[in-house]
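So the structure is just underneath, and the comments pick up after that.
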Amino acid sequence: MRRVLILGAGTAGTMLANRLADQLDRSWSITIVDRDDDHHYQPGYLFIPFGTATAKQITKPRSSFLPPRVAFVRSGISRVRPDDNEVDLDDGRILGYDWLLIATGTVPRPDLTPGMGDGSLWYRKVFDFYTMAGALALQDVLAGFRGGRLLVHITEMPIKCPVAPLEFAFLADDHFRRRGLRHKVDITFVTPLDGAFTKPIAARELGNLLEDRSIRLATDFAVERVDNEHSTLIAYDGRELPFDLLVTVPLNTGQQYVFESGIGDESGFVQVDKQTLRSTRYDNIFAFGDATDLPTSKAGAVAHFAVELFGDNFQAAIAGRPLPNAFDGHANCFIESGRGEALLLDFNYDTEPLTGRYPLPLVGPMRLLGRSRINHWGKLLFEKLYWQVLMRGRSLPVPTLMSMAGKDQED
Ligand SMILES: Cc1cc2nc3c(=O)[nH]c(=O)nc-3n(C[C@H](O)[C@H](O)[C@H](O)COP(=O)(O)OP(=O)(O)OC[C@H]3O[C@@H](n4cnc5c(N)ncnc54)[C@H](O)[C@@H]3O)c2cc1C
């Protein structure tokens, strides 16, 4: 029996398990490991603080999305020993493999910024929304917040879904506007980048939108620490931003076991070839999604497009042939902008997010880098597609590789 072992039953791992169950014959065993049976639709974390999603709504059992032939092992992963082709689990078991597929994502680490996770204000005035616990705690706080300085903050790049903090700022603006409190809330978007987003055209469009919504922008802010005594965010360059509520995205790193197994970079991300997702060090290891050092967004969409290209590559790898498919870093994501509208980004390693229409030229129906109601409905509909289509190993009717169709090209 040949053995394929998948680490992580989140977005990428679940798609891989379903696709491999269809593609591999019965001479293969497929095993997947995760620490629990709660699969969270993570984009839903954004809506919980504003009371428009619940924990129950965005959580489903992982096991119900795994095909019967896939063995689901519930345990933490403590170490990969690539030279022995073995993985040690927290419960003492050891799993052997012929091929290892790593899809264990990234983890927010508030403990790595002085005064953040270990500060007295953590979950009193300082919150994250990248965990279920943080999103739920923020719901009560936002409901009771009647005015003051709100900082929406990114500690350092890369983070998963780099647009989610912007979405939080836009939704907060809308939330307080609808409650008649907007004039009492001073919102600042604080980022380590030199603009509202990484690439020039998106930074310009999103920067304009922040301005339209009277949200201040603090750029190049390299946070040194949170001063809990004075409720202040302090940067290395000496800037100090006082707050009444700090909503932060902590440093995102790879998982602890990746550091300890010596299979990742200094941030705990598995180093892979950016076109094939094969480990640069071990031929029988591939990695997917947020767990990798791919130079594109850490987003579910990236995991999805890369997994779609993997089937043929895996057959070739097994046969010892060159891998035929090259991933282009394709990412797309909706950006909630409040007031029932959203924007859409579509880009890859080489092409930055551009304005235009998606997926079809002229007709769209989605707008790229422009606000529309259809985009907002697209974002809401996507949750259903996630569970019913993607997590069943099926494809969406959109191009896997990025297409220039519909995109405006600026000089
Ligand atoms: C607020 C928010 C909004 C987002 N919005 C969007 C969006 O609009 N569009 C988009 O494309 N993406 C979005 N994302 C990002 C998207 O959710 C992730 O990029 C995607 O889930 C990554 O998939 P993955 O399989 O790599 O990791 P995950 O889905 O995080 O799966 C990793 C799995 O590994 C398991 N695991 C990790 N370590 C261990 C261990 N040591 N032992 C056992 N199990 C372990 C975890 O339990 C988890 O199930 C958002 C994320 C957040 C937080």
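The values are calculated or read from the model by the stated rules, or taken from the named source; none is laboratory data. Since this is a predicted model, take the numbers as computed values, not measurements. Reconstructed Cβ throughout: ideal geometry from the backbone, glycine too, with neighbour counts over all protein chains shown. These area figures cover heavy atoms from the full protein model, side chains too; ligands, DNA and RNA do not enter into them. Shrake-Rupley method; radii C 1.70, N 1.55, O 1.52, S 1.80 Å.
Over all other residues within a Cβ to Cβ distance under 15 Å of residue 272, the charged ones net out to -2, with Lys and Arg as +1 and Asp and Glu as -1. Between amide H atoms placed 1.01 Å from N, distances below 5 Å from residue 81 occur with 86, 87, 88, all of them 5 or more places distant or on a separate chain.
Modelled spin labels at residue 140 and residue 59, positioned 7 Å past Cα toward Cβ, are 1.6 nm from each other. Under a model in which nothing but the beta-carbon of Lys, Arg (+1) and Asp, Glu (-1) is charged, the stretch 243-323 shows a dipole of about 260 debye around its Cα centre.
At full extension, residue 25 and residue 266 could sit 83.0 nm farther apart than now, given 0.36 nm per residue minus the alpha carbon distance. 3J(HN,Hα) along the stretch 357-369, derived from phi through the Karplus expression 6.51 cos²θ - 1.76 cosθ + 1.60 where θ = phi - 60°, amounts to 10, 8, x, 9, x, 6, 7, x, x, 7, 9, 8, 6 Hz, with x in place of Gly and Pro.
Computed from phi, the 3J(HN,Hα) profile of the stretch 332-339 under the Karplus parametrisation 6.51, -1.76, 1.60 (θ = phi - 60°) reads 9, 7, 7, 10, 4, 10, x, 6 Hz, with x in place of Gly and Pro. Where is the GNM fluctuation largest for the chain (alpha-carbon springs, 10 angstrom cutoff): 395, 64, 297? Between 395, 64, 297, it is 64 that shows the largest mean-square fluctuation.
The separation of the stretch 1-25 from the stretch 214-289, counted between C-alpha centres, amounts to 28 Å. From a point 7 Å beyond the Cα of residue 52 in the direction of its Cβ, which residues of the stretch 307-344 have a backbone N at a distance under 16 Å? Those under the cut-off are 334-344.
Projecting the Cα atoms of 390, 374, 358 onto the charge dipole of the stretch 334-392, computed from C-beta unit charges around the Cα centre, puts 374 farthest toward the positive end.
Taking only protein heavy atoms and a 1.4 Å probe, the accessible area of the stretch 110-249 is 49% carbon and sulfur. Estimated at 0.36 nm per residue, the fully extended path between residue 237 and residue 401 surpasses their Cα-Cα distance by 54.9 nm. Here the simple spin-label model places points 7 Å from the Cα toward Cβ, and for residue 93 and residue 222 these points are separated by 4.5 nm. If you take the charge dipole of the stretch 53-211 about its Cα centre, with +1 on Lys and Arg Cβ and -1 on Asp and Glu Cβ, which of 202, 171, 66 is farthest toward its positive end? Toward the positive end, the furthest listed residue is 171.
Under the simplified labelling scheme, the residue 38-residue 284 pair shows an inter-label distance of 3.5 nm, with each label point 7 Å from Cα along Cα→Cβ.
Annotation: extensible slack from residue 384 through residue 177 equals 71.6 nm (criterion: 0.36 nm per residue apart, minus Cα-Cα distance).
Using bins of 20 Å that start at zero, the share of Cα-Cα pairs per bin across the chain amounts to 27, 57, 16, 0, in whole %. Each principal axis of the stretch 220-297 carries a Cα extent, and these read 52, 24, 21 Å when sorted largest first. GNM on the chain, alpha-carbon springs under 10 angstrom: the most fluctuating residue among 368, 354, 112 is 112.
The convex hull around the C-alpha trace of the stretch 334-392, projected and averaged over every direction, spans 4.6 square nanometres. Measuring against 24 Å, Cα to Cα, the residue pairs 184/298; 56/274; 160/199; 60/384; 125/184 contain 184/298; 56/274 as the ones spanning a longer distance. Calculated accessible area for the stretch 110-249 comes out at 41 Å² per residue, all protein chains present (probe 1.4 Å; ligands, DNA, RNA ignored). About the centre of its Cα atoms, the chain shows a dipole size close to 1560 debye [charges on the beta carbon of Lys, Arg (+1) and Asp, Glu (-1) only; nearest 20 debye]. Determine the share of the stretch 334-392's accessible area contributed by carbon and sulfur atoms, expressed in whole percent, with a 1.4 angstrom probe. Here carbon and sulfur together make up 60 percent of the probe-accessible area. Excluding ligands, DNA and RNA, the accessible surface per residue across the stretch 334-392 is 45 Å² with a 1.4 Å probe.
When only the Cβ of Lys, Arg, Asp and Glu is charged (+1, +1, -1, -1), the dipole of the stretch 31-157 relative to its Cα centre reaches about 660 debye.
Per-residue 3J(HN,Hα) values for the stretch 65-72, derived from phi via the Karplus relation 6.51 cos²θ - 1.76 cosθ + 1.60 with θ = phi - 60°, read 10, 10, x, x, 6, 8, 7, 9 Hz in sequence order (x marks Gly and Pro). Distances between placed amide hydrogens fall under 5 Å for residue 163 paired with no residue 5 or more residues away or on another chain. Counting only protein heavy atoms and a probe of 1.4 Å, the accessible surface of the stretch 4-84 is 46% carbon and sulfur. Projecting the Cα atoms of 268, 286, 248 onto the dipole axis of the stretch 222-311, where Lys and Arg carry +1 and Asp and Glu carry -1 at the beta carbon, places 286 farthest toward the positive end. Here's how it looks for residue 366: its modeled amide H is under 5 Å from those of 358, 360, which are all 5 or more places away or on a different chain.
Using R₀ = 22 Å, calculate the FRET efficiency as 1/(1 + (r/R₀)^6) where r is the Cβ-Cβ separation of residue 408 and residue 212; round to 0.05. It comes out at approximately 0.60.
Between residue 2 and residue 111, the FRET efficiency estimated from the beta carbon spacing at R0 = 45 angstrom works out to 0.65. Considering helices alone, the calculated mean residue ellipticity of the chain at 222 nm is -7500 deg cm²/dmol, with DSSP H runs of length four and up weighted by -39500 (n - 2.57) and normalised per residue.
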